[in-house]
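Worksheet: the structure to be examined is printed underneath.
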């Protein structure tokens, strides 16, 4: 009878466990490598080569997430809070009153009125619970270019991020595209992500480019100061042509010199590059000297 009782109770006990009872493998302070994978990559062993991966939660179930964590990799869920994509299963929840201009660079995406209470409820009551119930260790909050296009929404973005902080409790929050409001939310986030800091994609020319003198850039100085002030990790998400191994290595070297955590992919983030999982010999690039492995 005792064995029968245990056999009955054990599955219940397992099902009753929440993500908070199964801590993630490491805090952001222990992350030295990361990748952003917004396509469906079912090679969990490859993903697990990174300390942390940012994934589109639509492509993975709770079993996948548990497997990644068992392999020592921390899975973080991508969540766009500055736009709504027409291909998402929750697009129908977004009525026309909250839709703004279409994103000029990405089809099937619309900037969203982040001040709209209905949008905030979709994020807080629909998206976040569904994502975290899969076992993700936190959220990668993408504001896209919303605050650049609609600076009047700064205060609403701050308010929503603070509400998200309360909703996710101790789970990790990484903010992407939020440098304009970092002074207001720096105490509410665990990391800040910047895109195209050194290597970027020019949508007009449809070419990958390198920003000149990026180490001396004012944005970089600002970022370093805020990272130190709020004691947060900086994740650098840059872009290079898939065949341009040398540029990827150059970006990785310079990023690591600054104490950032780099990942260099294509603009579509449709290919997994494992450059950052290898040690790359540090060299001096300040004067544009050639570099080697």
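Remarks
- Cβ crowding within 10 Å, taken as a proxy for footprinting-reagent exposure, orders 50, 91 from fewest neighbours to most as 91, 50.
- Packing-based ranking, highest mean first, of 197-206, 114-123 given that Cβ atoms within 10 Å are counted: 114-123, 197-206
- Counting only DSSP beta bridges whose two residues both lie in the range 77-168, roughly 55 percent are antiparallel.
- The range 134-186-the range 19-91 distance, computed between alpha-carbon centres (Å): 18
- Pairwise label distance in nanometres, residue 183 with residue 118, each label 7 Å out on the Cα-Cβ vector: 3.5
- Ranked 253, 232, criterion: other C-beta atoms within 10 Å, fewest first: 253, 232
- Extended-chain gain in nm, criterion 0.36 nm per residue less alpha-carbon gap, residue 210 and residue 106: 35.3 nm
- Axis of helix 245-257 versus longest Cα principal axis of the chain: the two differ by about 80°, to the nearest ten degrees.
- For the range 177-216: rounded, prolate or oblate by the Cα gyration tensor [a/c cutoff 1.5]: prolate
- Mean projected area in nm² (Cα convex hull; one quarter of hull surface) for the range 61-176: 7.3
- Where both bridge residues fall in the chain, DSSP classifies roughly 25% of the beta bridges as antiparallel.
- Estimated inter-spin distance, residue 217 and residue 246, nm [label 7 Å along Cα→Cβ]: 2.1
- Computed E for residue 274/residue 154 - FRET, C-beta separation, R0 41 angstrom, nearest 0.05: 0.65
- Mean sequence separation of contacting Cα pairs (under 8 Å, at least six apart), scaled by the length of the range 33-277, corresponds to a relative contact order of 17 percent.
- Computing FRET efficiency as 1/(1 + (r/R0)^6) for residue 229 and residue 62, where r is the C-beta to C-beta distance and R0 is 45 Å, gives about 0.75.
- Per-residue ellipticity at 222 nm from helix content only, as computed over the chain with -39500 (n - 2.57) for each DSSP H run of at least four residues, stands at -8500 deg cm²/dmol.
- Stretched out straight at 0.36 nm per residue, the stretch from residue 88 to residue 38 would grow longer than its current Cα-Cα span by 16.7 nm.
- With viscosity 1.306 mPa s and temperature 10 °C, the Kirkwood radius over alpha carbon pairs of the chain converts through Stokes-Einstein to a diffusion coefficient of 79 µm²/s.
Readers should treat all values here as calculations from the given coordinates under stated rules, not as data from a laboratory. Because the structure is a prediction, the values reported are computed rather than measured. Neighbour counts are summed over all protein chains in view; Cβ atoms, including those assigned to glycine, are modelled from backbone coordinates with ideal geometry.
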